[in-house]
Amino acid sequence: MLKQLRPAIVLLIAFTLLTGLVYPFAITGLAHALFPHQAEGSLIVRDGKVVGSELIGQNFVDPKYFHGRPSATTDTDPNDPSKTVPAPYNANNSGGSNYGPTSQALIDRVKTDTAALKAEKDAPVPVDLVTTSASGIDPDITPAAAEFQIDRVAKARDLPAEKLRALVAANTEGRSLFGLIGEPHVNVLKLNLALDAAK
């Protein structure tokens, strides 16, 4: 019995050390050596202070800033721990709303958001300004969504719209991996930081 148990225990300890310690430390060290910015969370630093991450959206609501996609993330209700409350861009509870296309709650929210945006500008509303992403913390919008907001931001900041168009164009990133994967996108935090720096 001990003869059969000993190899099993040795293998358990060996694979626990290999897959639980050696492999994670090796991959972490390799990531820090080859991709230090990404390994540290793709943090954006301004004046020596971390202002956010390239990978996590922020809830901009002021009219003088470009706004990101709606966020469906939630957090525990401080008044009733058995319930949740909306908490936009809560990275601790990343996830979508799980509403299906026939959900009346989703239809009503999209209609309300679309009407509010139509009141802001009478033009077709880009879909990413009224729909949430699967993660709920998407940091990017389409160039069309940024273009839709230019008039509002220009008015709030008393800046010419053409200057903002140039700023959006400068902060638009193309497809990744040799132009093959994804779509052109604008990182909202980077755009808003560039906007603050431009004045």
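The values are calculated or read from the model by the stated rules, or taken from the named source; none is laboratory data. Bear in mind the structure is a predicted one, so any value in this text is a computation, not a measurement. Ideal geometry is used to build each Cβ from the backbone, glycine not excepted, and the neighbour counts take in all protein chains shown. Note: areas computed on protein heavy atoms with side chains; ligands, DNA, RNA excluded. Shrake-Rupley method; radii C 1.70, N 1.55, O 1.52, S 1.80 Å.
Near residue 93: Cβ cut-off under 13 Å, other residues only, Lys/Arg at +1 and Asp/Glu at -1. The net charge is -2.
For region 95-179, a Kirkwood hydrodynamic radius built from all Cα pairs, placed in the Stokes-Einstein relation at 20 °C and 1.002 mPa s, yields a translational diffusion coefficient of 145 µm²/s. Mean residue ellipticity, 222 nm, helices only, the chain: the sum of -39500 (n - 2.57) across DSSP H runs of n ≥ 4, divided by residue count and rounded to 500, is -13500 deg cm²/dmol. Here region 58-96 and region 115-140 have alpha carbon centers that stand 15 Å from each other. Rounded to the nearest 20 debye, the dipole magnitude of the chain is 380 debye, with +1 charges on Lys and Arg beta carbons, -1 on Asp and Glu beta carbons, and the Cα centre as origin. Counting only heavy atoms of the protein chains and using a 1.4 Å probe, residue 83 has close to 120 Å² of accessible surface.
Pairs of Cα atoms under 8 Å, at least six residues apart: use those to get the relative contact order of the chain, whole percent. Computed over the chain, the figure is 19 percent. Once you've got the Cα coordinates, tell me which of 121/155; 64/111; 163/190; 121/163 are over 21 Å apart. In this structure, 64/111 exceed 21 Å between Cα atoms. According to the Kirkwood relation over distinct C-alpha pairs, the hydrodynamic radius of region 1-126 is 20.0 Å.
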